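The values are calculated or read from the model by the stated rules, or taken from the named source; none is laboratory data. Just so it is clear, the structure is predicted and the values come from calculations on it, not from any experiment. In this analysis, Cβ positions are derived from the backbone assuming ideal geometry, glycine residues included, and neighbour counts consider all displayed protein chains. Note: areas computed on protein heavy atoms with side chains; ligands, DNA, RNA excluded. Shrake-Rupley method; radii C 1.70, N 1.55, O 1.52, S 1.80 Å.
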Amino acid sequence: MSILLTGGAGYIGSHTAVELLNKGNELAIIDDFSNSNEKSLEAIKKITGKDFKFYEINYMDREKLEKVFEENKIDSVIHFAGFKAVGESVKEPLKYYHNNVAGTIVLLETMIKYNVKKIVFSSSATIYGKQLSTRYVETMERKSSPSAYGNTKIMIEQILEDLYKSDNTWKVAILRYFNPVGAHNSGLLGENPKGIPNNLMPFIQKVAVGELKELTIFGNDYNTPDGTCRRDYLHVVDLAIGHLKALEKLDKEKSGVYIYNLGTGSPVSVLELVNTFIKVNNINVPYKIGARREGDLDECYADPSKAEKELNWKASKTIQDMCRDSWNYIQKNIKGE
Ligand code: UD1
């Protein structure tokens, strides 16, 4: 039996592929390389010494997707594929609804056709929006997002819940990621977006290697101890392991929809992250304080206790590990993907 990974060549997908292969699973990976490339597939093989099936297809291509199900005995799906640039999604919402939402529907219809009813979905803490408490619990309601990206995550969660209502033999795990950072300690896998990064850690990495001049910290007048925003950064390898635990949980259950926050539960400020990066790597990261970025929340972090209790999953890597591994990776992969 194989596990199908959509978007398995991407940042989180590739790290999860490594953990799954190390545990002896068979994999079929599909990816259209819209935000990844073959290098990560080679890296997965090099790290694990194991092989897997790969198809360069877009998951909206029903015919090609069906061929993957024909050629492999797929038992479960981990669905990573999707566009994720928040700003772009505001400018081009249809691109996001088309690929992320319509694409997921094609995937789910294909799964039904081949009687595969076990799925782990990559969701995001973005679905919580602004809440009264900054420690987010799975029972909090989903809030409409200012970005189409965020709304695609909300819609897909809803689609999965409705699907289960219509057929309660489905097994669904929805994983709400907080802020994944870091890289595989081999330095072979990590995140290195092309151009100017939107997210904090890739920006720090590019300043540290001298590709960008300085980091702008978006505001230091937030309601937090040092005035900069606080987030829940978690190591991508911890996050990858969370997917294995979610699959194990689904294997144990008869059916159901299970929702989990994956985060450390400890908020870290922008200044703390930058200063830790500087300290553990002994490298200068010039920064200045700039204006606030529209839409940023003062603080948000996970209550990860449900995942700990039900999945036996707990993030084990520290902020120091995240900074060290991010630096190790970027030094070895200076040119963007
Ligand atoms: C962002 C997305 C979120 C997505 C998540 C994926 C927005 C508004 N939100 O979350 O939907 O799920 O990434 O990881 O884009 N910062 C700087 N300077 C920079 C870049 C960032 O100070 O050059 C600050 C931001 O203001 C924020 C923190 O760093 O306080 C983290 O930013 P980022 O990495 O973009 O993550 P989120 O905003 O939490």
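Quick notes
- Considering the stretch 292-322, and only residues there that are polar (S, T, N, Q) and assigned to a loop (DSSP other than H, G, I, E, B), the residue that is farthest from the ligand (Cβ to nearest atom) turns out to be ASN312.
- Among the residues making up the stretch 194-209, a single one is of a type outside the set (Val, Ile, Thr), within 11 Å of the ligand (Cβ to nearest atom), in a loop (DSSP other than H, G, I, E, B) and more than 15 Å from the chain's Cα centre (by Cα): PRO197.
- Identification of strands (runs of 3 or more DSSP E) wholly contained in the stretch 53-169 with 2 or more residues that are touching a Phe, Trp or Tyr at 6+ places or on another chain (Cβ under 6 Å) and among the small types (Gly, Ala, Ser) yields 118-124.
- For the stretch 210-227, filtering for residues that are of a type in the set (Phe, Trp, Tyr) and under 25 Å from the mean Cα position of the chain (by Cα) leaves 1.
- Failed item in (1) open to solvent by 30 Å² or more (accessible area, probe 1.4 Å); (2) more than 23 Å from MET1 (Cα to Cα); (3) modelled with pLDDT of 95 or more, with SER144 passing the rest: (3)
- Odd one out for GLU63, checked against (1) open to solvent by 10 Å² or more (accessible area, probe 1.4 Å); (2) under 21 Å from ASN168 (Cα atoms): (2)
- Annotation note: Cβ proximity below 7 Å between a residue of the stretch 173-201 that is within 15 Å of ALA9 (Cβ to Cβ) and a residue that is among the basic types (Lys, Arg) (sequence gap 6+ or interchain) occurs for LEU188/LYS46.
- Taking the stretch 170-181 as the range and being assigned to a loop (DSSP other than H, G, I, E, B) and under 12 Å from the mean Cα position of the chain (by Cα) as the test, only PHE178 passes.
- Cβ-Cβ contacts under 6 Å between residues 6 or more apart (or on different chains), taken from a first residue in the stretch 28-48 that is under 25 Å from THR104 (Cα atoms) to a second residue that is open to solvent by 40 Å² or more (accessible area, probe 1.4 Å) and acidic (Asp, Glu), are listed as ASN37/GLU337.
- You will find that of LEU273, LEU234, LEU244, the residue that is assigned to a strand (DSSP E or B), open to solvent by less than 30 Å² (accessible area, probe 1.4 Å), under 18 Å from LYS317 (Cβ atoms) and not hydroxyl-bearing (Ser, Thr, Tyr) is LEU234 and no other.
- LEU212 more than 24 Å from GLU141 (Cα to Cα), without any contact (Cβ under 8 Å) to a residue 40 or more places away in the chain and within 15 Å of the ligand (Cβ to nearest atom): yes
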